[in-house]
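Below is one structure, written out as structure tokens; comments come after it.
Read the figures in this text as sums done on the coordinates, not as results from a lab. Here the structure is a predicted model, which is why all the values come from computation and not from measurement. Here the Cβ positions follow ideal geometry from the backbone for every residue, glycine too, while neighbour counts run over all protein chains shown.
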Amino acid sequence: MPVDIIDDAFMVCTDCLMIIANDDASGLDYSLSEEDAAKREKVIREAMAGIQREEGQIVVGESDRDDEFSARPCACCGTRLAGQRHHCVILSSGREAWPPGRSGGLLAGHLLGSFVLGIQAGLGVE
Ligand SMILES: [Zn+2]
């Protein structure tokens, strides 16, 4: 199944990179209080979830395309705190798009269709 790169310059801050790369937000505690770190982690995870739902999988890119210093907002959490930006890319998930909200019925119909086909195939083999 082909995997397409949807965005090949998805520049994220160090906090986001930590979570994207290692699914680990423990480093946030170094610069923030426990409470602020928890809030920050929630913002980042929600941003990531939205991007993954609407666009695709965020994966770590090439470290030689990192920006040592950038004032551009983080592409993930949107922080405007200037600093390092790390190169990531967004991959299409390789699945059919499934926009939430409008295709629930379509999906159910699709599943039902597959089910019926499955039964027919089963009958054909018998
Ligand atoms: Zn970020």
**OP:** Report the local net charge at Ala82: Lys and Arg +1, Asp and Glu -1, summed over other residues whose C-beta lies under 13 Å from its C-beta.
**Re:** +1
Subject >> Separation in nanometres of the label points that stand 7 Å from Cα toward Cβ, at Lys39 and Val59 >> reply: 3.5
**OP:** Report the label-to-label distance for Val3 and Asp24 in nanometres (one decimal), using points 7 Å from each Cα along the Cα→Cβ vector.
**Re:** 2.1
Original post:
Sorted by average packing, counted as other Cβ atoms within 10 angstrom per residue and highest first, what order do 65-72, 23-30 take?
Top reply: 23-30, 65-72
Original post:
Which ³J(HN,Hα) values, rounded to whole Hz and listed in residue order, are derived for segment 10-25 from phi using the Karplus coefficients 6.51, -1.76 and 1.60 in 6.51 cos²θ - 1.76 cosθ + 1.60 with θ = phi - 60°, glycine and proline given as x?
Top reply: 9, 8, 10, 6, 5, 4, 5, 4, 4, 6, 5, 6, 10, 6, 9, 10
**OP:** Determine the sum of side-chain charges near Ile5: Lys and Arg each +1, Asp and Glu each -1, restricted to other residues whose C-beta is under 14 angstrom from that of Ile5.
**Re:** -4
